[in-house]
Amino acid sequence: MGIFDKPKLRRGSKKKDTVPDDLWKKCPDCGELIHTLDLKQNYQVCTHCGHHFLMSAYERINLLADPDSFMETETSLESTNPLEFEKYEDKVALLKSKTGMNDAVITGRASIGRHPVSLAVMDFRFFAGSMGSVVGEKITRAIEMATIEKRALIILSSSSGARMQEGMLSLLQMAKTCGAISQHNNAGLPYISVLTHPTTGGVTASFATIGDVNLAEPRCMIGFAGPRVVKETTHQDLPPGFQTAEFMLAHGLIDSIVERRFLRERLIQLLGYMMPEQE
């Protein structure tokens with residue numbers, strides 16, 4: 001049960017409702033109204049059906065990292081408009097103002113269960129988590145830092161894929177990030193990838209699915225093209241649960257589905273297995 005009951009509607013009352021609109025959220029899965037404080041206390045997970053709402057990058061960092069251990073890196077990198085895409089700079093400026101972020105990923109050093117890690121956390125609120133040149137560069141630098149400093153690498157993905165406003169420069173980030181991960185792997189260091197809703201497009205086709213261990217949140221969407229595009233291209237009906245974490249687990253793309261409240265515990269467990277000398 002939540003700490004707040006669902007508000008009762010008064011019929012026939014002419015008095016203006018003074019309750020702020022942002023106090024309640026409707027779950028897209030079960031349709032129940034949930035108080036925002038209930039959501040916050042439950043890690044942004046529906047208290048009725050377990051639907052995992054989107055989280056900001058900083059919320060995820062606070063959930064996973066040891067207290068006061070996170071040190072953000074690459075804070076000065078900002079997107080430009082290399083293709084002179086119309087209104088792109090205005091959109092980026094607006095998203096900076098709304099989110100307090102420079103782009104769709106936050107990177108930095110942290111410890112999780114006292115294990116030193118390099119952390120990269122994508123945020124879907126910024127341009128649907130799309131990967132442009134800044135996102136790719138920040139993730140690449142986070143990987144290279146992990147390799148140099150002999151840290152485990154953890155990337156949490158939430159993305160619509162490559163950022164079309166940056167064209168080929170965006171697509172190049174797929175190869176660049178994977179190349180850096182290859183060097184990290186050659187150094188004998190672990191990489192844990194965590195896929196959250198949604199993880200699609202060029203991010204799925206690059207760094208998100210090549211972890212030593214690939215984890216995913218329940219019922220999150222994972223795929224390259226969307227279900228409608230796949231159906232129209234193949235002219236076939238899609239199987240039940242297509243492009244969900246559960247479907248991908250059954251078909252071997254991911255290794256485990258982990259509820260958000262258990263993710264930190266699972267990461268500590270995996271890091272203990274993969275980097276025991278760091279304990």
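Read-outs throughout are calculated quantities, based only on the coordinates presented, and are distinct from any laboratory measurement. Treat the numbers as computed from the prediction; the structure is a model and nothing was measured. Neighbour counts run over all protein chains shown; Cβ positions are idealised from the backbone, glycine included.
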Listed residue (Val45, Ile210, Ala225) projecting farthest to the positive dipole end of the chain, Cβ model | Val45
Residues listed by number, the stretch 174-212, amide nitrogen under 17 Å from Tyr273 label point at 7 Å toward C-beta | 189-195, 210-212
Would you mind checking the tilt of helix 88-99 against the longest principal axis of the Cα atoms of the chain, expressed as 0 to 90 degrees and rounded to 10?
-> 70
Over the alpha carbons of the stretch 177-221, what is the largest minus smallest coordinate on each principal axis, giving the biggest first in Å?
-> 33, 19, 8
Estimated vicinal HN-Hα couplings, Hz - the stretch 111-125 in sequence order (Karplus 6.51, -1.76, 1.60; Gly, Pro = x) | 10, 10, x, 6, 8, x, 9, 9, 10, 10, 10, 7, 10, 5, 5
Ordered by fewest other Cβ atoms within 10 Å, a rough proxy for footprinting exposure, Ile139, Ile148 read Ile148, Ile139
Principal-axis tilt of helix 167-186 within the chain, Cα atoms, nearest 10 degrees = 60
Among Ser159, Ser97, Ser111, residue whose mean-square fluctuation peaks in a GNM of the chain (springs only between Cα atoms under 10 Å) | Ser97
Across Gly226, Gly136, Gly202, the residue with the highest GNM fluctuation in the chain (Cα network, 10 Å cutoff) is Gly226
Just need the relative contact order of the chain here, percent rounded to a whole number, with Cα pairs under 8 Å and 6+ apart.
-> 14
Of the GluC sites (Glu not before Pro) in the stretch 101-152, those whose Cβ has at most 12 other Cβ within 10 Å and which sit in DSSP loop = Glu149
Residue-averaged 222 nm ellipticity for the chain, from DSSP H runs of 4+ at -39500 (n - 2.57), nearest 500 | -10000 deg cm²/dmol
At Leu249 and Asp22, where each label point lies 7 Å from the Cα along Cα→Cβ, what is the point-to-point distance in nanometres?
-> 3.4
Top of Pro198, Pro116, Pro28 by mean-square fluctuation, Gaussian network on the chain, Cα under 10 Å = Pro28
Loop-located GluC sites (Glu not before Pro) in the stretch 30-126, at most 11 other Cβ atoms within 10 Å (DSSP) = Glu78, Glu84, Glu86
Only bridges with both residues in the chain count here: give the DSSP antiparallel percent, nearest 5.
-> 45
Unit Cα scatterers, Debye sum, the chain: log10 I(q)/I(0) for q = 0.07, 0.11, 0.12, 0.16 Å⁻¹ = -0.28, -0.67, -0.79, -1.30
